[in-house]
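Below you'll find the structure, written out as structure tokens, and then a few comments.
The values are calculated or read from the model by the stated rules, or taken from the named source; none is laboratory data. The shown structure was predicted, so the numbers you read here are calculated from the model rather than taken from an experiment. Note that we place each Cβ from the backbone using ideal geometry, even for glycine, and neighbour counts take in every protein chain shown.
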């Protein structure tokens, strides 16, 4: 059964498009819900990608969305997960900003221009360190391509608890504990089922560990283990 949030999202996006207003940023699982609904209701739309491979997109009718891109400047080094954690700790919605881009060690975040004042008022620190948001041209990130490091693991099954324990070099017990506190996400949805079977193309986010993609299952060893190639987002 469809939950109330997704039902509201479909109607909200449709109403925005009818008024000529672009949607907020939509994640892949939200897009899978919204697009069939718009097609069914004959609601015209176009899809805006921040850069060619961007996972978050915006729907619009005729006028492309008005966006602002910021470079996040800090005197102290930080990681992708530190930045995300700080944004969410300030109660900033995930639909307000697009995919975070890292270029030559610099972090860039793009938001809806209508939310500039709100965003810049709340997002002022990462951890306990002050940051500065430097506005840059949107073209700074428009040709971005994801960067990865590859890792190959061998696992007896594709269960999410088994794969993550091997990938992160920890125990299944710790992975399951992270699931209980909503710190494991597959394809942008929180995972509670430790026996969930992963497949090629799945994207995984684990708080404090980063973001990964199941690239391919190369084969099976003589002992019956899966040989899995996993890409970690840089």
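Yes/no per residue for (1) in the same structural domain as residue 204 (by TED's automatic domain parsing); (2) loosely packed, with under 13 Cβ neighbours inside 10 Å; (3) in contact with a strand residue (DSSP E or B) (Cβ under 9 Å, 6 or more places away or on another chain):
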residue	(1), (2), (3)
19	no, yes, no
28	no, no, yes
38	no, no, yes
56	no, no, yes
71	no, no, yes
75	no, yes, yes
78	no, no, yes
111	no, no, yes
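Of the residues 177, 200, which is surrounded by fewer than 14 Cβ atoms within 10 Å (Cβ to Cβ) and assigned to a loop (DSSP other than H, G, I, E, B)?
Result: 200 is the single residue among 177, 200 that is surrounded by fewer than 14 Cβ atoms within 10 Å (Cβ to Cβ) and assigned to a loop (DSSP other than H, G, I, E, B).
In this structure, is residue 183 modelled with pLDDT of 95 or more and either touching a helix residue (DSSP H, G or I) at 6+ places or on another chain (Cβ under 9 Å) or not assigned by TED's automatic domain parsing to the domain that holds residue 52 (or both)?
When the stated conditions are applied, residue 183 does not pass them.
Would you mention how many residues in region 121-141 are free of Cβ contacts under 8 Å to residues at least 24 places away in the same chain and part of a helix (DSSP H, G or I)?
2
Considering (1) modelled with pLDDT under 95; (2) under 27 Å from residue 211 (Cβ atoms); (3) assigned to a helix (DSSP H, G or I), say which one residue 13 fails and leave the rest.
Every condition holds for residue 13 apart from (1).
If only one of 95, 128 is at pLDDT below 95, within 23 Å of residue 30 (Cβ to Cβ) and either under 19 Å from the mean Cα position of the chain (by Cα) or not assigned by TED's automatic domain parsing to the domain that holds residue 188 (or both), which one is it?
Residue meeting the stated conditions: 95.
Among (1) surrounded by fewer than 18 Cβ atoms within 10 Å (Cβ to Cβ); (2) over 23 Å from residue 189 (Cβ atoms), there is one condition residue 12 misses while meeting the rest; what is its number?
Going through (1) surrounded by fewer than 18 Cβ atoms within 10 Å (Cβ to Cβ); (2) over 23 Å from residue 189 (Cβ atoms) one by one, residue 12 breaks only (2).
Can you report the number of residues in region 187-197 which are at pLDDT below 95 and part of a strand (DSSP E or B)?
Total meeting the criteria: 2.
From the list 175, 57, pick out the single residue that is closer than 30 Å to residue 193 by Cβ, modelled with pLDDT of 95 or more and under 18 Å from the mean Cα position of the chain (by Cα).
57 is the lone residue from the list that is closer than 30 Å to residue 193 by Cβ, modelled with pLDDT of 95 or more and under 18 Å from the mean Cα position of the chain (by Cα).
Which members of region 207-230 meet the condition of being more than 15 Å from residue 157 (Cα to Cα) and in a loop (DSSP other than H, G, I, E, B)?
207, 208, 209 - these are the residues of region 207-230 that are more than 15 Å from residue 157 (Cα to Cα) and in a loop (DSSP other than H, G, I, E, B).
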